[in-house]
């Protein structure tokens, strides 16, 4: 399929059940988001958790009232019940299903949150001529649990999860400059160099995603990661929750460049 | 003496011969510059060298015609023959004198260049709450010759000289963001981590300035340094040249914040 498909065309295929896989690399140039849908009883505290921890939880959209399954700012036609290729449904923190449509699970008390995702800044890095190793090697970015505490909000708390991309120092400096322009998709890295300094025991064994090659002249560079709020939700164990399946993101009409603050 | 003296007051003291030392920390908030004065025959190529190598040689002022000893943009009253606390005079690359006034050496063919200096970005780092080790330890910043080639312009060529400030990675990331706003004072660092990668053999033995403490959890962070053009001038061996003495800078009326591009 043409990777230059528009976000609207891609959402229409997804809605029709004709696209059910990873969205990485499709509708290039447009923001893709992490989706988290919670009962209203948990929504206020989750919003507070995102507000307290903007680097791992950069909020780019939220439904306007409980039960609403639209976020017009991210796409006029957008229907949060059907426009993600694959959803995960949780009850009391346990995965109870992975489905291509959540219309039958929808409830009047659900509130949806869309968080920025690293696809946007990876595109900016690649457009600037930098290599993004997980893209080159065709795997998921390696992600690690750290010992960095997020700020707790009500029932939501978590250690920060980070993603890692190895770079030579000169490229890392450039990546810090580029990512600083994009606070809505995790912003500048939070650490580089020695993984032990942030509580990562074995860089070769990511807790999520896949390991990538780190060359002798490279340092690992770590970004706050959108898996962090997923961990917080797992720990909070709300009675009900819907998220996207890993890599199957919500594709929006928002150009990546619109997230740049400069 | 009050360190909050204005640039004009400080220049008046210097001009009167009543201030003859290091200008670091005086007239806080205002740009201090490196001074290099060359015969017109060399000025075109030196300007080209600065243009080709903006990180080590960020030009913030230049006299408008040979013989002119003013740069009104940097200070209406400014007199380049008397307003630096100490000058060095070179003939054919050899130091022939260190004097508080160069009026008697002035010639109709001299062209003056003022280059940005790290004092400006160190102030921005400190204002942001970062520690600048050479300031804390009250010594000159350590500087090293690297194996990074500057781009040659006529008779001017040099390896890049870098200054080094040790930081923990999180502070280094913040320093990269802050310094990126100040391209006119060397901008973002050029390297961090392993000194050997840029040809530095012994981090404990800087070629210029003083060694500083590097703690176990810190990495050395390297910035392009204004000593680079001095090395280029030494190698070009022009028949005549005047510079400021190390640390005795040209104090201008330009607020540091005016150098910020964002």
TODO: Check region A:196-211 and report whether any residue there is within 10 Å of chain B (Cβ to nearest Cβ), buried (at least 19 other Cβ atoms within 10 Å of the Cβ) and either closer than 17 Å to residue A:55 by Cβ or over 21 Å from the mean Cα position of the chain (by Cα) (or both).
DONE: yes
Task: Per-region count, region B:102-129, residues crowded, with 19+ Cβ neighbours inside 10 Å and in a loop (DSSP other than H, G, I, E, B) - done: 3
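Does residue B:7 satisfy the condition of being surrounded by 15 or more Cβ atoms within 10 Å (Cβ to Cβ), touching a strand residue (DSSP E or B) at 6+ places or on another chain (Cβ under 7 Å) and within 19 Å of residue B:117 (Cα to Cα)?
Answer is yes for this residue.
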- [ ] Scan region B:45-65 and give yes if some residue there is surrounded by fewer than 23 Cβ atoms within 10 Å (Cβ to Cβ), in contact (Cβ under 8 Å) with a residue 12 or more places away in the chain, more than 18 Å from the chain's Cα centre (by Cα) and in a helix (DSSP H, G or I), otherwise no.
- [x] yes
Task: Residue within region A:152-160 that is at pLDDT below 95, outside the structural domain of residue A:23 (by TED's automatic domain parsing) and over 29 Å from residue B:222 (Cα atoms) present - done: no
Open item on the list: Consider region B:219-243. How many of its residues are crowded, with 17+ Cβ neighbours inside 10 Å, more than 14 Å from chain A (Cβ to nearest Cβ) and not in a helix (DSSP H, G or I)?
Closed with: 7
TODO: Only one of these is within 14 Å of another protein chain (Cβ to nearest Cβ), touching a helix residue (DSSP H, G or I) at 6+ places or on another chain (Cβ under 6 Å) and part of a loop (DSSP other than H, G, I, E, B): A:188, A:216. Name it.
DONE: A:188
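Does residue B:175 meet the test of being over 17 Å from the mean Cα position of the chain (by Cα), crowded, with 23+ Cβ neighbours inside 10 Å and within 19 Å of residue A:168 (Cα to Cα)?
yes
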Task: Residue that is nearest to the other protein chains (Cβ to nearest Cβ) [pool: residues in region A:158-168 that are crowded, with 24+ Cβ neighbours inside 10 Å and free of Cβ contacts under 8 Å to residues at least 60 places away in the same chain] - done: A:167
Open item on the list: Being surrounded by 16 or more Cβ atoms within 10 Å (Cβ to Cβ) and within 14 Å of chain B (Cβ to nearest Cβ) is true for just one of A:181, A:155. Which residue is that?
Closed with: A:181
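The values are calculated or read from the model by the stated rules, or taken from the named source; none is laboratory data. Quantities reported herein were computed from a predicted structural model and do not represent experimental measurements. Don't worry about glycine lacking a Cβ; one is built from the backbone with ideal geometry, like all the others, and counts go over all protein chains shown.
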